[in-house]
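Beneath this line is the structure, given in structure tokens, with notes to follow.
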Amino acid sequence: MARNLEPQCRQCRREGMKLYLKGDRCYSDKCAMVRRPVAPGQHGNSRRKLSEYGIQLREKQKVRRIYGILERQFERYFERAEKMKGITGENLLQLLERRLDNVVYRLGFANSRKQARQLVLHGHITVNGKKVNIPSYITNVGETIAVRAKSASGIDHFKALREGTGRTVVPWLQVDYEKLEGSVAALPAREDLDLEIQEHLIVELYSR
């Protein structure tokens with residue numbers, strides 16, 4: 001399976017903002033954006049004015065990196081969003097939010113989307129009682145996402161979740177940490193997303 005192997009802190013510095021790719025580390029003083037908030041490379045401190053195309057490209061790259069998606073896969077999401085009813089940019093973000101790895105992260109079962117992707121790939125997550133090991137699986141309203149019983153009882157990470165409360169869960173999801181399961185209560189609305197994304201720039205980029 002193709003993966004993005006670029007160092008995660010370097011990705012945040014390149015986009016000039018925290019993308020929260022490393023979970024708890026991103027909230028600490030060890031975060032690269034706290035220690036060295038400039039773009040990577042020899043000319044990281046230089047101030048170059050981006051063209052209109054450059055601004056659109058950076059926005060697309062930022063969203064790809066947030067969700068951990070490669071270029072061709074991102075293009076397919078955009079093509080699908082265009083065919084859906086409604087606003088293309090909002091449709092795109094909705095599809096990305098509904099990915100199983102993102103839902104596992106949003107439910108608080110993982111500290112980062114990368115960790116959530118690993119949990120899914122290793123077979124620790126079920127959808128409606130059946131194991132699903134495809135991170136790009138698009139969840140639907142009414143589906144139940146849970147930690148497998150064997151994983152819940154045998155992995156310290158999940159044991160700790162039962163004792164705590166996890167992170168604040170987005171309005172379109174519901175979660176029960178005692179049972180280590182959650183559900184998709186509604187489709188994610190644009191106002192539910194806590195990300196600094198200007199999706200219209202991505203639409204403009206692909207409309208060139």
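Looking only at the range 138-191, count how many residues are part of a loop (DSSP other than H, G, I, E, B), over 20 Å from the mean Cα position of the chain (by Cα) and at negative phi.
Counting residues in the range 138-191 that are part of a loop (DSSP other than H, G, I, E, B), over 20 Å from the mean Cα position of the chain (by Cα) and at negative phi gives 7.
Are there any helices (runs of 4 or more DSSP H) wholly within the range 1-100 with 2 or more residues that are at pLDDT 90 or above, and if so which?
Values: elements: 8-15, 32-35, 52-67, 71-83, 88-97.
Answer list for the range 1-100: 52-67, 71-83, 88-97.
Right, SER151: polar (S, T, N, Q), within 19 Å of VAL120 (Cβ to Cβ) and modelled with pLDDT of 95 or more or not? Talk me through it step by step, then tell me what you get.
On the way: polar (S, T, N, Q): yes; within 19 Å of VAL120 (Cβ to Cβ): yes; modelled with pLDDT of 95 or more: no.
Against the criterion (polar (S, T, N, Q), within 19 Å of VAL120 (Cβ to Cβ) and modelled with pLDDT of 95 or more), SER151 does not qualify.
Considering LEU173, LEU161, which residue is surrounded by 15 or more Cβ atoms within 10 Å (Cβ to Cβ), at pLDDT below 90 and of a type outside the set (Lys, Arg)?
Working: LEU173 fails: at pLDDT below 90.
Matching residue, one of LEU173, LEU161: LEU161.
Filter the range 101-115 for residues that are within 9 Å of the chain's Cα centre (by Cα) and part of a helix (DSSP H, G or I); which is surrounded by the fewest Cβ atoms within 10 Å (Cβ to Cβ)?
Step one: filter the range 101-115 for residues within 9 Å of the chain's Cα centre (by Cα), giving 101-103, 105-106, 112-114.
From the residues that got through so far, the ones that are part of a helix (DSSP H, G or I) too are 101-103, 105-106, 113-114.
Working: ASP101: 25, ASN102: 23, VAL103: 27, TYR105: 23, ARG106: 27, ARG113: 23, LYS114: 18.
Taking the candidates together, the pick is LYS114.
The values are calculated or read from the model by the stated rules, or taken from the named source; none is laboratory data. The shown structure was predicted, so the numbers you read here are calculated from the model rather than taken from an experiment. We place every Cβ from the backbone using ideal geometry, glycine too, and count neighbours over all the protein chains shown.
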